[in-house]
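**Q** Here it is, the structure, as structure tokens.
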Amino acid sequence: MIITILNGEMQLEPNNFSVYITDLDRQLQKDHTVNHFQLKEMNIRHCTGCWSCWWKTPGICAIKDDMDEIFATIMASDFLIFASPIMRGFTSSLLKRMTDRLVTLLHPYIILTNGECHHRKRYQRYPDFGLLLEKEHDSDDEDIEIIKDIYDRFALNFHCTQKFAWLTDRNNTKEIAYDTHDI
Amino acid sequence: MTLTIFNGSPRRHKSNSTLLTEHFIKGFHSIKEKENVRVCYLAETKMLKENLNIFDRSEQVIIIFPLYTDCMPGMVKEFFEHLPVKDSSPSLKLGFIVQSGFPESSHSIYVERYLRKLAQRINCNYLGTVIKGGVEGIRSMPSSMNKKVFKSFHQLGVHFAEYGEFSGEIMVKMKNPIKFNNMELIIFRFLKITGLVDYYWKSNLKKNGAYHQRDNKPFGN
């Protein structure tokens, strides 16, 4: 499989999360091709809501930064891992900034899914994903549920499935790498 | 009481959030004519420090933003990450307005749970989250078509000036429909067949000479 890790960690100096993700990357590479985007090292600007990607240059974002590389890699992947320390009860603003830009991969037209309006697919298939989180000092089960539910909504809009929401303090890297065989 | 409205739309002054805010403020000023309402734009990310100082000095804060990929835009999340934790006895009143292009509010009720928890986390007095769907395109519509939504935001501002809180009654009305009922689904399917559902997108694609490229797949199949 081609697995792409979208790492939203924001600290510049090495820390527990960066060590964990580096180890996960190494474990996954034993059986898969792994792309690891450390978003903090990339130039990713905020979506401006201009809708150029929907009605001026369909499928192409007007902002010229490192997102084109991410778009291409995501669409060539079999599986994505959204990885982030929890910050103020949600994934990092850096990961969210990147995620906002993914609307480029959708079509503006509206369809009904489960009786709700959603955007139509632009591409035939979108990779499923897993969520990997590191708790912050005050994270509780409700926080994890809220994040997981919001990413389930994201999956619904991106015509894919959230396969897992795992925590760095509960799931070790070998376990995650092993479980990717069943995805 | 100092009321500050933080506008979290990446479109800044040219946003639907700005339009809705203007009608809210008009309603507010119809009751409290002389009370200043400060509006700050979170898209001015270079102003982060100043915006945080303003947040800290305000007694009432409303944060309005469009729903971006099922949640707050990245720039709003960045602001949240920097908000100070208030003293343990809540004094700052904090409310949110989430607007989205989808007509149903079911898309926004998940972020509402997050916002409630955020207010609790930073020790603010949570005023609730106003959810309004069907907002995309209101800037380009004739004002006669937006009368109802603008009136609702005007009334929301009136009530806020009078009582310092969102009107529960208006919030419930704005939140509808949470999901389409059977009749609305039938109407939607009919409108889809006629092409009216996607009219806004199609007309803009045509206006930009991009209609024939609408199904482009630059990153694969």
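The values are calculated or read from the model by the stated rules, or taken from the named source; none is laboratory data. Everything quoted here is computed from the prediction, not taken from an experiment. Every residue, glycine as well, gets a Cβ built from its backbone with ideal geometry; the counts of neighbours run over all protein chains shown. Heads up: the accessible areas ignore ligands, DNA and RNA and are worked out on the full protein's heavy atoms, side chains in. Shrake-Rupley method; radii C 1.70, N 1.55, O 1.52, S 1.80 Å.
**Q** Of A:E145, A:E13, A:E134, which is the most mobile in a GNM of chain A whose springs link Cα atoms less than 10 angstrom apart?
**A** A:E13
**Q** Which value, in Å² rounded to 10, gives the accessible area of A:H181 with a 1.4 Å probe and all protein chains present?
**A** 100
**Q** Rank these by accessible area, largest first, 1.4 Å probe: A:Y178, B:Y41.
**A** Ranked list, largest accessible area first: A:Y178, B:Y41.
**Q** Also, quick follow-up: Which trypsin sites (Lys or Arg not before Pro) does the stretch A:1-75 hold that lie in a coil by DSSP with at most 10 other beta carbons within 10 Å?
**A** Sparse-neighbourhood loop trypsin sites (Lys or Arg not before Pro): A:K30, A:K64.
**Q** Right, another one. Report, as an integer, the average count of C-beta atoms from other chains found within 10 Å of each Cβ along B:77-83.
**A** Whole-number average of other-chain Cβ neighbours for B:77-83 is 6.
**Q** Per the 1.4 Å probe, what fraction of the accessible area of the stretch A:66-183, in percent, lies on carbon and sulfur atoms?
**A** 44
**Q** Counting only other chains, what is the mean number of Cβ atoms within 10 angstrom of the Cβ of each residue in peptide A:109-119?
**A** 6
**Q** A further question on this structure: Where does each of B:E50, B:E112 land when they are ordered by accessible area, with a 1.4 Å probe and the largest first?
**A** Sorted by accessible area, descending: B:E50, B:E112.
**Q** Quick check: net charge around A:I183, other residues with Cβ under 10 Å of its Cβ, Lys/Arg +1 and Asp/Glu -1?
**A** The answer is -3.
**Q** I've got another one for you. Give me the distance between the Cα centres of the stretch A:16-49 and the stretch A:155-180, rounded to whole Å.
**A** Computed from Cα coordinates, the inter-centre distance equals 14 Å.
**Q** Next question, about the same structure. Which of A:I70, A:I81, A:I111 moves most in a GNM of chain A, Cα contacts under 10 Å?
**A** A:I111
**Q** What part of the accessible area of the stretch B:3-175, given as a whole %, is carbon or sulfur when the probe is 1.4 angstrom?
**A** C and S fraction of accessible area: 49 percent.
**Q** Give the separation of the Cα centroids, the stretch B:98-118 to the stretch B:47-84, in Å.
**A** After rounding, the separation between the Cα centres reads 16 Å.
**Q** Between chains B and A, what is the buried accessible area summed over both chains (1.4 Å probe, protein heavy atoms, nearest 100 Å²)?
**A** Roughly 4900 Å² of accessible surface disappears when B and A pair.
**Q** Averaged per residue, what accessible area in Å² does the protein assembly as shown show with a 1.4 Å probe, protein chains only?
**A** Spelled out: the 1.4 Å probe surface of the protein assembly as shown, per residue, equals 44 Å².
**Q** Name the most mobile residue of B:V61, B:V111, B:V85, meaning the one with the largest mean-square fluctuation, in a Gaussian network model of chain B with Cα contacts below 10 Å.
**A** B:V85
**Q** Could you work out, residue by residue across B:105-111, how many beta carbons of other chains sit within 10 Å of that residue's beta carbon, and then give the average as an integer?
**A** Partner-chain Cβ atoms within 10 Å, mean over residues of B:105-111: 4.
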